[in-house]
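The values are calculated or read from the model by the stated rules, or taken from the named source; none is laboratory data. As the structure is a computational prediction, the values presented were derived from the model and not from experiment. Note that each Cβ is placed from the backbone with ideal geometry, even for glycine, and that neighbours are counted across all protein chains shown.
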Amino acid sequence: MSRRKPREEMEFGSDSFLDVVANVVGILIILMVLAGIRAKTAPVNLAEEAPEATPVATTPPVLIAAEPLDEEAKAARQRELSVLQSQSDSLQEELDHLRQATDAEETKLTELQSQDAVQRNRFTALKSNLEGEAAALRDKQQETDVLEAALHAARVRLKKRKAEVAAAEKQPNRVEKLEHRITPVSRVITENETELHFRCQSNVVTAVPIEELVDRMKAQMERQREVILRLKKYSGSVGPVRGWNLNYVIETQQLLGMVKASVSQFELQPEPDLTGERSEVALRPDSAFRNELRKAEPGSTLTFWVYPDSFVLFRKLQALAHREGFTVAARPLPEGTPIMGSPNGSRSAAQ
């Protein structure tokens with residue numbers, strides 16, 4: 001027992017010592033390699049002589065005997081150094097990449113901070129604008145409320161007025177509209193003016209060709225001149241012309257040995273089948289009445305022989321004639337009285 005224990009302690013101490021020696025040897029080898037590399041690369045000046053070495057007293061180093069390393073251990077150490085160098089290079093590259101990434105992130109952060117400041121300023125401006133628009137909108141809303149209230153009040157008043165108008169329209173005594181027409185100044189028609197004659201009876205207007213019948217009467221008087229001069233009174237008749245006949249009476253007088261014949265009176269009689277136009281037809285552009293107006297000379301006078309049942313028709317025709325630029329004369333006739341004339345009669349007064 002006393003011999004085994006010292007032996008175990010010797011074995012434990014030998015292993016630790018060998019590890020220390022191996023480490024020291026490895027370090028020495030590395031230093032020697034580095035020194036050799038520097039010696040190869042350093043310049044050598046052959047002209048200079050090496051100074052004489054000054055003897056210095058040195059203390060001889062204490063060498064510790066160590067077991068030499070074999071080739072396999074060296075190769076293992078070399079591989080371990082290569083792995084460590086490779087890991088160191090990788091770590092350095094990773095560190096460089098991290099630094100570059102950090103610089104890029106810092107640049108991005110600076111840009112983002114600038115953008116954030118711009119966005120904050122813009123947000124502040126938008127907020128101010130929105131607050132201003134909100135205030136304007138509130139003002140508009142207040143104005144709208146006021147206008148809506150005024151509109152509602154106006155609608156209420158309008159509804160009330162409509163009810164009052166409806167109630168007034170239901171009243172029995174309604175005011176009727178009276179049209180007043182100013183009567184123009186009349187003038188007597190001269191012999192040289194053109195005059196057209198129309199009869200208004202039973203709400204029917206008919207053209208009366210008096211001028212044509214008178215011309216025929218004059219022609220007949222010339223033919224019957226000798227007979228007329230021998231008689232004191234002569235009765236004749238001409239026609240029909242456009243549905244009308246003219247009956248006339250001629251009286252003669254002795255004056256200073258001369259005989260004078262003149263028409264004392266005449267009377268117009270329509271044919272039994274004579275037709276005319278009612279107001280709705282006569283006022284049309286293509287009616288016979290309008291055709292008579294087109295054939296008349298400008299400024300002519302239209303004389304209407306009006307019976308009591310046709311004054312409404314006469315007013316309509318009178319308004320049309322005035323619009324066309326004609327003057328109008330009216331000759332009212334009692335019912336049953338024919339159109340008549342004589343030298344003692346009056347001429348038409350046109351308006």
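Scanning segment 64-79 for residues that are at pLDDT 80 or above, charged (D, E, K, R) and within 17 Å of Val20 (Cβ to Cβ) yields a single hit, Arg77.
Within segment 280-295, one or more residues are among the aromatic types (Phe, Trp, Tyr) and within 22 Å of Arg242 (Cα to Cα).
Is at least one residue of segment 282-300 closer than 30 Å to Ile228 by Cα and either assigned by TED's automatic domain parsing to the domain that holds His197 or outside any loop (DSSP other than H, G, I, E, B) (or both)? No, there is no match, as no residue in segment 282-300 is closer than 30 Å to Ile228 by Cα and either assigned by TED's automatic domain parsing to the domain that holds His197 or outside any loop (DSSP other than H, G, I, E, B) (or both). Contact map, segment 218-240: first residue assigned to a helix (DSSP H, G or I), second residue aromatic (Phe, Trp, Tyr) and buried (at least 16 other Cβ atoms within 10 Å of the Cβ), Cβ cut-off under 6 Å, separation 6 or more or different chains; pairs are Ile228/Tyr234.
A Cβ distance below 7 Å, combined with a sequence gap of six or more or placement on separate chains, defines the contacts here; from segment 92-117, residues that are in a helix (DSSP H, G or I) reach no residue that is acidic (Asp, Glu). Of the residues screened, Arg223 is not one that is charged (D, E, K, R), modelled with pLDDT of 90 or more, in the same structural domain as Gln318 (by TED's automatic domain parsing) and buried (at least 16 other Cβ atoms within 10 Å of the Cβ). Looking at Arg315, Arg323 in this structure, which one is under 50 Å from the mean Cα position of the chain (by Cα) and under 20 Å from Glu193 (Cα atoms)? Arg323 is the lone residue from the list that is under 50 Å from the mean Cα position of the chain (by Cα) and under 20 Å from Glu193 (Cα atoms). Residues that are in a loop (DSSP other than H, G, I, E, B) and at pLDDT below 90 were ranked within segment 338-351; the one that is surrounded by the most Cβ atoms within 10 Å (Cβ to Cβ) is Ser348. Looking only at segment 246-288, which residues are over 16 Å from Gln220 (Cβ atoms) and among the hydrophobic types (A, V, I, L, M, F, W, C)? Result: Leu255, Leu256, Met258, Val259, Leu274, Val281, Ala282, Leu283, Ala288. When you check Thr206 against the structure, is it modelled with pLDDT of 85 or more, farther than 30 Å from Ser310 by Cα and assigned to a strand (DSSP E or B), yes or no? When the stated conditions are applied, Thr206 does not pass them.
Scanning segment 301-335 for residues that are touching a Leu at 6+ places or on another chain (Cβ under 9 Å) and either part of a helix (DSSP H, G or I) or of a type in the set (Ser, Thr, Tyr) (or both) turns up Thr301, Thr303, Tyr307, Pro308, Lys316, Leu317, Gln318, Leu320, Ala321, Thr327.
Scoring Pro272 on the criteria (1) within 24 Å of Glu324 (Cα to Cα); (2) at pLDDT 90 or above leaves a single failure, condition (1). If you check Gly257, Gly276, Gly243 for being at negative phi and out of contact with any helix residue (DSSP H, G or I) (no Cβ under 6 Å at 6 or more places or on another chain), only one passes: Gly276.
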